[in-house]
1. Considering only protein heavy atoms, with the full assembly of protein chains and a 1.4 angstrom probe, order A:THR196, A:THR190, A:THR235 by accessible area, largest first.
2. Residues of the stretch A:224-260 with backbone nitrogen within less than 17 Å of a virtual label 7 Å along the Cα-to-Cβ line of A:GLU206, please, listed as ranges.
3. Classify the stretch A:4-106 from the C-alpha gyration tensor, please: rounded if a/c falls under 1.5, else prolate or oblate depending on whether a/b exceeds b/c.
4. Could you report the stretch A:121-426's accessible area per residue, 1.4 Å probe, as an integer in Å²?
5. May I ask you to give the solvent-accessible area per residue for the stretch A:1-46, in square angstrom, as obtained with a 1.4 angstrom probe?
6. Once you have the Cα-Cα distance between A:LYS350 and A:ASN149, take 0.36 nm times their residue separation minus that, and quote the gain in nm to one decimal.
7. At a Cα cut-off below 27 Å, give the lysines reachable from A:LYS349, other chains included and same-chain residues fewer than 8 away excluded.
8. Which percent of the accessible heavy-atom area of the stretch A:121-426 goes to carbon and sulfur, probe 1.4 angstrom?
Amino acid sequence: MLDINYIRQNPEEVAGMLKKRRQAEDCKSLDELLEYDRERRELIKETDTLKALRNKVSKDIAVIKRTGQGSAEDLIREMKEVADKIAGMDEILGKIEKQMESILLSLPNKLHPDVPEGYSAEENRICKGPVAFDHALDFPLMDHLDLGNKLGILDFERGAKISGTGFPVYIGKGARLERALLNFMLDCHTENHGYTEVFPPFMVNEDSLRGTGQWPKFADQVYYMNEDNLYAIPTAEVPVTNLHRNEMLKDEELPISYAAYSACFRREAGSYGKDTRGFLRVHQFNKVEMVKFTRPEESYDALEKILQNAEAILNALRIPYRVLLLCSGDISAGATKCYDIEVWSPAEKKYLEASSCSNFEDYQARRANIRFKPAGSSKPTYVHTLNGSGLATSRLMVSLLENYQTTEGTIVVPEVLRKYTGFDVID
RNA sequence: GGAGGAUUAGCAUAAUUGGUAAUGCAGCAGUCUUGAAAACUGCCGGGCUUACGCCCUUGGGGGUUCGAGUCCCUCAUCCUCCGCCA
């Protein structure tokens, strides 16, 4: 959420941002917002005057009642009218503020100056890579589906039977490999990168979704349990960022870094038929997420660190990748700056998104009310929040299986994972 | 699921029969001081206002009242006890 004061003082900047994000049509709601803001402040002036009168006269009434000097009847009758007037105006004010909130919740964040301008994914800027590792793949390659079927480690068909399309089942060494990947990533972030491990709930309430920005705009992408009014998390970002919702953090405990495993659930409504093959688009997948809370002045350094922490996993696994800086038309609404890491699928001959590292500045902190008192100041200030996948296993698994396949159709387990899997080869 | 108790600022604690949120600690600014400490003054949740000031804020929402921390309804969370259960 943007600060209404910032919007009022810099309307043309906000409009420019909306155009850069290819959301120029939202400029209309921006104008509405500013009009509501004017009305609101006018109305507050009037109601505050009436409320001041009511407070004063109420005190007078109290004095009359206490001393028994004279009658308060006239004053009470008068104040009854004032109270009705206030109630009527407050109702209008409430409606205006509700409208404002709904617009504010839907407006995207500012953009960092580094963000390249562009319409779509094609205009994202490659800022690193390709980072290659030699896997000697000079033979006819199988894709991850064929490999998974042949080795009996992945079963999409039975997943579809028990749940529906897009719910993969890992079996035998496949299950073990998945668990090894997750454990390796968590250990790496907690032991080498200074993150505190969190194991969060996989279902959250509406306030949590609103805090990170998935609600109300993207509510239709989230699984909802009507009976209990709970949502299945689309990413661990939601519960972990909301750990500190409505909290005043201490300056000395910042920055806070959390790494969390979670299953992630996504409806992917409207995406049917697009990249649906195998692991490319699924409704449930596993991910280790990194989340940071920082002082405002530290957040862009922290973003680079998160990116490095995610890259460290791929370097250790020796999986080829590249890093993109997302353009203004492709970056998500809450982020000011975002890097995507894509891993190389040699069978599909394309890059697959495996991580997204974003700085939200105070956009989520304002929604979720996460503040701290900076040292040397007494004024509460919003923290900056960031997160990055470190990483999502589904696309990572595609790249791992395909890059580590052999001419015999077996998979060599990456060196760093062997102490977690307990085997060197999947055959 | 049932019964009882609780929720007040960063933390901790007050507020006769309803009369308009008090205090301590921590933090910030200033005065004093060679400097620090102590002491004193102001600030220390949000909004409106050029400003002086004013308004709102006692877990959320609603009601009664001229006036609600206080009375009523409702929801949430925490604690205690009972019941059920992996």
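The values are calculated or read from the model by the stated rules, or taken from the named source; none is laboratory data. The shown structure was predicted, so the numbers you read here are calculated from the model rather than taken from an experiment. No Cβ is skipped: glycine too gets one built from the backbone with ideal geometry, and neighbour counts run over all protein chains shown. Heavy atoms of the whole protein, side chains included, go into the accessibility calculation; ligands, DNA and RNA do not. Shrake-Rupley method; radii C 1.70, N 1.55, O 1.52, S 1.80 Å.
1. Sorted by accessible area, descending: A:THR196, A:THR190, A:THR235.
2. A:224-233
3. prolate
4. 42 Å²
5. It amounts to 58 Å² per residue over the stretch A:1-46.
6. 70.2 nm
7. Answer for A:LYS349, where 27 Å is the Cα cut-off: A:LYS128, A:LYS150, A:LYS173, A:LYS274, A:LYS287, listed by chain and number.
8. Within the stretch A:121-426, the accessible surface is 48 percent carbon and sulfur.
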